[in-house]
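Below is one structure, written out as structure tokens; the observations come after it.
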Amino acid sequence: MVSHITAWCKGHPELALTTDASGNMVVRLAKFAIDSVKPLYITAHLDHPGFVIENLLPDGTLEVSFRGGVMAEFFELAPITLFTGADEPVPAVLTGKCAHVGPFGDHYFAKLEVAAGSLAIGDVGRFSMPGPVIDESTGTLHTPACDDLSAVAAALAVMDALVAEANAGKPIADTRLLFTRAEEIGFIGAIAACRHGTMSKDSVVLALENSRSFADSPIGGGPIVRVGDRISIFTPWLTAACAERAEKIFGGAAVPRAQQKAGDSAKRPWQRKLMAGGACEATVFCTEGYNATCLCLPLGNYHNMANLAELQAGTYDAAKLGPPRAAPEFVSTKDYLGLVDLLVSLGTQHPVQPTGSRGSFAPRIDSLWSKCCAVLDEPKAT
């Protein structure tokens, strides 16, 4: 991903790419004057749960660590694929768990199924699974890693749109991209960015994620303005501003009010949800004093864990289905395109924090009072 983004930026002379001391990547418009004092950062993380070669053992087997959160059931004799960056991918099979645990995750032994080639300590791998495909019948993209690479792709698409606006002579705001590392082992890249001052404290931050879909946050139900995660809620005024923008560009509220019919809600689907199944970098940024919120895509096969609900409920039938095996993650292509459209709108015209302490809903409260205070025999406000 680092190589891809570096090459992509080289093809865009309007952009400047820098990295901080921890290797987090910042992309910004460099060719045009900026009219915003407070930059807007769209952030996404570059990593996905996977294996790292820790040791090449004398008997020809490998010791690998796994970095990320996946249930233990998926590791039993699981087939994996290792990547050297030069040779063809190398297949292997996990043969057991090591007695010790490394600082970044559990360690496993792996038996190679072919000659090792140029495998070296530090090379990476993943569970073996099919490659990417778009299912035209359902409009879903199935691929080994949506989390968080579909968000990375969305961020690059936004910058493409802003470059086109700038090249057309239109005024632009100071929108930047931040791509973080090592999110899957505890937001380490995001924490580093905060401690290095990679983003100025007056920055506004939109963290992008792929979040596990539930019945009330369905895939195909549109991109999600995420109110919070399992740890915290995000900056209220910013979340509200994103929801207001979504209502505007998608043509209505996420769900119809009780007195409305289904056709009275948004013309294009979008969602406003807590998404408490996991945590995301927006919590880190809020904790460190930034105005931050999250926009996300509802995700299937979270962290490649197929049949996750059944496994958690204890209803998975291993005798019938075999041991749990990793499968491609999947997202809706329409959800993805909706996320890009929402981000382009926010990147073109930044959300603005309301003045005073009452928040963005204050004008509505004042309007309601002025209209209906007479029901309490209150004098109408002047």
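The values are calculated or read from the model by the stated rules, or taken from the named source; none is laboratory data. For clarity, every value in this text was computed on a predicted model and none was experimentally measured. Counting neighbours? That spans all protein chains shown, and the Cβs are built from the backbone with ideal geometry, glycine included.
Before moving on, here are some points about what is shown:
- Number of residues in the stretch 218-237 that are among the hydrophobic types (A, V, I, L, M, F, W, C), assigned to a loop (DSSP other than H, G, I, E, B) and under 16 Å from Phe285 (Cβ atoms) equals 3.
- Of the strands (runs of 3 or more DSSP E) lying entirely inside the stretch 1-62, the ones with 1 or more residues being farther than 18 Å from Tyr290 by Cβ and aliphatic (A, V, I, L, M) are found at 15-19, 25-29, 50-56.
- The stretch 105-124 - residue that is touching a Ser or Thr at 6+ places or on another chain (Cβ under 6 Å) and part of a strand (DSSP E or B) and, of those, surrounded by the fewest Cβ atoms within 10 Å (Cβ to Cβ): Lys111
- Among the residues listed as Thr293, Thr283, the single one being touching a strand residue (DSSP E or B) at 6+ places or on another chain (Cβ under 9 Å), buried (at least 22 other Cβ atoms within 10 Å of the Cβ), assigned by TED's automatic domain parsing to the domain that holds Ala193 and of a type outside the set (Gly, Ala, Ser): Thr293
- When the stretch 29-51 is limited to residues that are at pLDDT 95 or above and farther than 30 Å from Ser65 by Cα, the one that is surrounded by the fewest Cβ atoms within 10 Å (Cβ to Cβ) turns out to be Leu40.
- Scanning the stretch 319-343 for residues that are exposed (fewer than 11 other Cβ atoms within 10 Å of the Cβ) and either hydroxyl-bearing (Ser, Thr, Tyr) or assigned to a helix (DSSP H, G or I) (or both) returns Ala319, Lys320.
- Leading residue by the ranking (surrounded by the most Cβ atoms within 10 Å (Cβ to Cβ)) among those in the stretch 52-72 that are among the acidic types (Asp, Glu) and in contact with a strand residue (DSSP E or B) (Cβ under 9 Å, 6 or more places away or on another chain): Glu63
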